[in-house]
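Chemist: Input: one structure, supplied below.
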Amino acid sequence: MHLIQMDSVQRWMEDLKLMTDCECMCILQSKPISIEKDEPSELLLSSQYSTCDNLQLLLKRAWIISTELTRIAQKLEKNKWPRVHSMTVRVNCHVRSMINEYNAVTRNSSEEMQQFEKLLIDKCSEFTAFTERCLQTEDEQILKSMKSCTNEMLTTIAQYFGQLIELVLTQEVQNLLRQIELSDSVYVTESAIRSLFSLAQEGAHLCRIIAKEGGVVALFKICRQDCFRCLYPQTLRTLASICCVEEGMHQLEKVDGIFCLADILTDNTLSEATHAEAAAVIAQITSPHLTFTQHLSSFLENMEEIVTALVKLCQEASSGEVFLLASAALANITFFDTMACEILLQLNAMKILLAACSDRHIVDTPYSRDQVVTILANMSILDQCASEIIQGNGVQLLMEMLFERSSSGNSAEVAACERVQQKSAVTLARLSRDPEVAEAAVKLSCIPRLIKLCRSPTERNNSDSVLVACLAALRRLAIMSPDGLEDSDFQQLVKPRLVDSFLLCTNMEESFV
């Protein structure tokens with residue numbers, strides 16, 4: 001969950017209310033304040049949040065309980081019985097508080113859910129009483145047998161807790177999807193989609209629940225209704241999140257989602273924001289990191305019009321974010337099927353992408369340059385690409401990309417810079433089979449830069465993948481222009497086997513002279 005990455009002080013502030021509730025429950029022995037049925041409850045009314053707020057509160061409480069159960073197991077392993085008991089009391093209170101909070105805002109709990117609530121509360125009470133008895137036992141042999149029982153009870157509580165949370169989340173997803181299915185109100189539908197998006201951000205497991213309950217079907221239904229056009233961007237953003245899991249992809253295929261996305265991308269009456277979010281869905285479902293994209297047979301049927309629309313979006317992008325989404329989708333498609341590279345060549349995509357790179361307002365981050373150079377690298381397998389590169393001053397761009405460095409030091413940005421360096425070297429190596437490209441690269445002093453990247457670990461941020469790509473490019477250029485290398489560079493970086501040059505460079509001490 002994203003809660004783990006939260007600032008520690010902020011986490012403490014977030015958890016403070018939950019912790020004080022826990023103490024209150026200890027004092028009250030988990031007995032709720034009785035309220036007359038015919039009297040309005042100020043207490044309940046004051047705690048009425050939106051569906052999204054209720055879900056976030058539930059998820060925070062669930063995260064705390066899950067963390068506490070893990071810590072109990074750790075303390076139990078070290079035989080710290082006083083800590084085990086105190087933490088067991090705390091878990092007991094958190095579980096009761098979570099159930100009471102949820103039931104206070106939800107009046108339609110299923111019979112199965114109520115059954116698991118009772119099982120969990122009973123088991124937590126039994127667990128608390130059992131650990132209290134362990135505190136009063138001093139015999140090591142008895143404690144050893146009790147430790148085994150404690151582990152079993154802890155496992156059972158974790159299972160009941162997991163099943164209850166699964167039921168609760170499934171019910172909440174069903175309620176949200178019911179709102180989307182039945183409501184004609186833009187406001188109600190927007191609120192439900194926003195809550196669904198918030199849930200999808202909590203991780204792959206929730207995305208699977210949403211997909212399993214028909215979330216992808218319901219959202220594509222929205223994307224096919226003109227009355228909800230204003231909700232298309234938010235709906236597509238939610239779809240992109242859900243389709244990171246296999247269940248979401250299967251649902252997308254079943255409802256002809258590719259056809260719908262193609263219609264949206266080619267509809268000139270829709271906003272740029274809508275086109276950008278559709279591009280984001282395409283980027284997600286064609287990601288080369290996913291292992292379950294092979295079943296997208298309908299994608300091939302629509303590839304040409306999708307690629308055409310994405311190239312147009314790159315060309316007309318009004319911001320760096322729009323260009324990033326469109327170029328990311330194109331980059332992934334070039335991995336997805338080689339036919340895409342031929343289509344891109346016919347659409348003069350090389351010229352459009354190279355021109356975009358000269359506009360610092362559009363291609364404004366290493367992430368965007370990473371997408372562009374990925375497309376160039378995949379297109380460079382085609383012989384016709386060499387002339388396009390020369391005409392568009394592409395060799396100069398590739399040379400500049402060899403100098404890509406992070407300005408912030410952010411780990412994600414540093415990784416993006418490494419990918420840019422690696423792919424630009426790969427592209428140079430592939431294109432340098434053409435004498436004209438190789439000559440242009442030599443004239444732009446690509447060889448000294450490649451040597452520097454090979455010999456200086458800091459220049460490539462100690463990246464082995466960048467080193468291998470640079471060695472390959474250097475060897476290709478050395479064939480075309482052997483006079484560009486000094487004898488020591490040739491003897492160490494070109495003449496030996498690639499693996500020997502690699503080992504030499506990785507063990508090389510950088511000179512600061």
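Chemist: Looking for something open to solvent by 60 Å² or more (accessible area, probe 1.4 Å) and charged (D, E, K, R) - is there at least one such residue anywhere in segment 146-158?
Modeler: Looking for residues that are open to solvent by 60 Å² or more (accessible area, probe 1.4 Å) and charged (D, E, K, R), one finds at least one in segment 146-158, hence yes.
Chemist: Read through the list (1) modelled with pLDDT of 70 or more; (2) open to solvent by less than 40 Å² (accessible area, probe 1.4 Å); (3) assigned to a helix (DSSP H, G or I), then give the number of the only condition that Cys22 fails.
Modeler: (1)
Chemist: Just to be sure I understand the filter: pairs with C-beta atoms under 7 Å, separated by 6 or more residues or on different chains, first member in segment 366-379 and over 15 Å from Val311 (Cβ atoms), second member among the acidic types (Asp, Glu) and surrounded by fewer than 24 Cβ atoms within 10 Å (Cβ to Cβ). Which pairs pass?
Modeler: Pro366/Glu404; Pro366/Glu413; Arg369/Glu404
Chemist: Between residues in segment 496-513 that are modelled with pLDDT of 85 or more and residues that are basic (Lys, Arg) and open to solvent by 70 Å² or more (accessible area, probe 1.4 Å), which pairs lie under 6 Å by C-beta distance while being six or more apart or on different chains?
Modeler: From residues that are modelled with pLDDT of 85 or more, there are no pairs.
Chemist: Additional query: Just the residues that are open to solvent by 30 Å² or more (accessible area, probe 1.4 Å) and touching a residue at least 24 places away in the same chain (Cβ under 8 Å), please, taken from segment 64-84.
Modeler: Ser66, Ala73, Asn79, Pro82
Chemist: Just give me the residues in segment 360-383 being within 15 Å of Leu313 (Cβ to Cβ) and either open to solvent by 20 Å² or more (accessible area, probe 1.4 Å) or β-branched (Val, Ile, Thr) (or both), in sequence order. First the steps, then the outcome.
Modeler: Residues of segment 360-383 that are within 15 Å of Leu313 (Cβ to Cβ), as a first pass: 362-363, 368, 371-372, 375.
Passing the criteria: Ile362, Val363, Gln371, Val372, Ile375.
Chemist: If a residue has to be at pLDDT 85 or above and not charged (D, E, K, R) to count, how many in segment 456-493 make the cut? Can you show your working first?
Modeler: Filtering segment 456-493 for residues at pLDDT 85 or above gives 456-478, 493.
Still in the running and not charged (D, E, K, R): 456-458, 461-463, 465-474, 477-478, 493.
Selection size over segment 456-493: 19.
Chemist: Can you tell me which residue among Ala200, Ala192, Ala218, Ala211 is surrounded by 17 or more Cβ atoms within 10 Å (Cβ to Cβ), of a type outside the set (Asp, Glu) and touching a Cys at 6+ places or on another chain (Cβ under 7 Å)? Let's see the steps before the verdict.
Modeler: Values: Ala192 fails: touching a Cys at 6+ places or on another chain (Cβ under 7 Å); Ala218 fails: touching a Cys at 6+ places or on another chain (Cβ under 7 Å); Ala211 fails: touching a Cys at 6+ places or on another chain (Cβ under 7 Å).
That would be Ala200, the only listed residue that is surrounded by 17 or more Cβ atoms within 10 Å (Cβ to Cβ), of a type outside the set (Asp, Glu) and touching a Cys at 6+ places or on another chain (Cβ under 7 Å).
Chemist: Condition first: under 22 Å from Asn302 (Cβ atoms), of a type in the set (Ser, Thr, Tyr) and open to solvent by 70 Å² or more (accessible area, probe 1.4 Å). Can you find one or more residues in segment 261-270 that meet it? Explain how you work it out, then say what you get.
Modeler: Residues of segment 261-270 that are under 22 Å from Asn302 (Cβ atoms), as a first pass: 261-270.
Next cut, of a type in the set (Ser, Thr, Tyr) only: 266, 269.
Among the residues that remain, those that are also open to solvent by 70 Å² or more (accessible area, probe 1.4 Å) are: 269.
The answer is yes; a qualifying residue exists.
Chemist: Here is a follow-up. Out of Arg178, Arg133, which single residue is surrounded by fewer than 20 Cβ atoms within 10 Å (Cβ to Cβ) and either in the same structural domain as Leu57 (by the TED database) or not charged (D, E, K, R) (or both)? Give the derivation first.
Modeler: Details: Arg178 fails: either in the same structural domain as Leu57 (by the TED database) or not charged (D, E, K, R) (or both).
Of the residues listed, the single one that is surrounded by fewer than 20 Cβ atoms within 10 Å (Cβ to Cβ) and either in the same structural domain as Leu57 (by the TED database) or not charged (D, E, K, R) (or both) is Arg133.
Chemist: OK, next. Return yes when Thr70 is at pLDDT 85 or above, of a type in the set (S, T, N, Q) and closer than 21 Å to His205 by Cα and no when it is not.
Modeler: Numbers: at pLDDT 85 or above: yes; of a type in the set (S, T, N, Q): yes; closer than 21 Å to His205 by Cα: yes.
Yes, satisfied.
Chemist: Output yes when any residue across segment 77-96 is of a type in the set (Gly, Ala, Ser), more than 17 Å from Ala129 (Cβ to Cβ) and assigned by the TED database to the domain that holds Ala129, and no when none is. Break it down stepwise before answering.
Modeler: Within segment 77-96, the first condition is being of a type in the set (Gly, Ala, Ser), and the residues that meet it are 86.
In the following step, the residues that additionally are more than 17 Å from Ala129 (Cβ to Cβ) were identified as none.
Checked segment 77-96: no residue is of a type in the set (Gly, Ala, Ser), more than 17 Å from Ala129 (Cβ to Cβ) and assigned by the TED database to the domain that holds Ala129.
Chemist: Cβ-Cβ distance below 6 Å, separation of 6 or more or different chains: which pairs start in segment 343-356 with a residue that is under 13 Å from Ala309 (Cβ atoms) and in a helix (DSSP H, G or I) and end on one that is charged (D, E, K, R) and open to solvent by less than 30 Å² (accessible area, probe 1.4 Å)?
Modeler: none
Chemist: Can you find a residue in segment 109-121 that is open to solvent by 20 Å² or more (accessible area, probe 1.4 Å), within 40 Å of the chain's Cα centre (by Cα) and touching a residue at least 60 places away in the same chain (Cβ under 8 Å)?
Modeler: yes
Chemist: Here's a follow-up. Which condition does Val442 not pass, out of (1) within 18 Å of Val372 (Cβ to Cβ); (2) touching a Ser or Thr at 6+ places or on another chain (Cβ under 6 Å), if it passes all the others?
Modeler: The number of the failed condition is (1).
Chemist: Go through Glu418, Glu388, Glu404, Glu413 for me and flag whichever is modelled with pLDDT of 90 or more and more than 18 Å from Leu467 (Cβ to Cβ). Talk me through it step by step, then tell me what you get.
Modeler: Values: Glu418 fails: more than 18 Å from Leu467 (Cβ to Cβ); Glu388 fails: modelled with pLDDT of 90 or more; Glu404 fails: more than 18 Å from Leu467 (Cβ to Cβ).
Checking each option against the conditions leaves just Glu413.
Chemist: Can I ask one more? Report, by residue number, each residue of segment 150-189 that is of a type in the set (Asp, Glu) and either outside any helix (DSSP H, G or I) or in contact (Cβ under 8 Å) with a residue 40 or more places away in the chain (or both).
Modeler: From segment 150-189, those of a type in the set (Asp, Glu) are 152, 166, 172, 181, 184; that's our starting set.
Selection gives Glu166, Glu172, Glu181, Asp184.
Chemist: Every residue in segment 460-471 that is of a type outside the set (Val, Ile, Thr) and either touching a helix residue (DSSP H, G or I) at 6+ places or on another chain (Cβ under 6 Å) or in contact (Cβ under 8 Å) with a residue 60 or more places away in the chain (or both), please. Quick ask: steps written out before the conclusion?
Modeler: So the first thing to find is which residues in segment 460-471 are of a type outside the set (Val, Ile, Thr), and the list is 460-465, 467, 469-471.
Matches in segment 460-471: Arg460, Asn461, Ser463, Ser465, Leu467, Ala469, Cys470, Leu471.
Chemist: Among the residues of segment 343-355, are any surrounded by fewer than 21 Cβ atoms within 10 Å (Cβ to Cβ), of a type in the set (Lys, Arg), out of contact with any Lys or Arg (no Cβ under 6 Å at 6 or more places or on another chain) and not assigned by the TED database to the domain that holds Arg405?
Modeler: yes
Chemist: Just to be sure, is Thr238 closer than 18 Å to Cys207 by Cβ, part of a loop (DSSP other than H, G, I, E, B) and β-branched (Val, Ile, Thr)?
Modeler: Working: closer than 18 Å to Cys207 by Cβ: yes; part of a loop (DSSP other than H, G, I, E, B): no; β-branched (Val, Ile, Thr): yes.
Judged against the criteria, Thr238 is not a match.
Chemist: Within segment 430-470, track down each residue that is on the phi > 0 side of the Ramachandran plot and within 29 Å of the chain's Cα centre (by Cα). Break it down into steps so the answer makes sense when it comes.
Modeler: Here is the first cut: in segment 430-470, the ones on the phi > 0 side of the Ramachandran plot are 445, 461-462.
Answer for segment 430-470, where residues must be on the phi > 0 side of the Ramachandran plot and within 29 Å of the chain's Cα centre (by Cα): Asn461, Asn462.
The values are calculated or read from the model by the stated rules, or taken from the named source; none is laboratory data. Just so you know, these numbers come straight off a predicted model, no measurement behind them. Positions of Cβ are backbone-derived with ideal geometry, glycine not excepted, and every protein chain shown enters the neighbour counts. All accessible areas refer to the heavy atoms of the entire protein, side chains included, with ligands and DNA or RNA removed. Shrake-Rupley method; radii C 1.70, N 1.55, O 1.52, S 1.80 Å.
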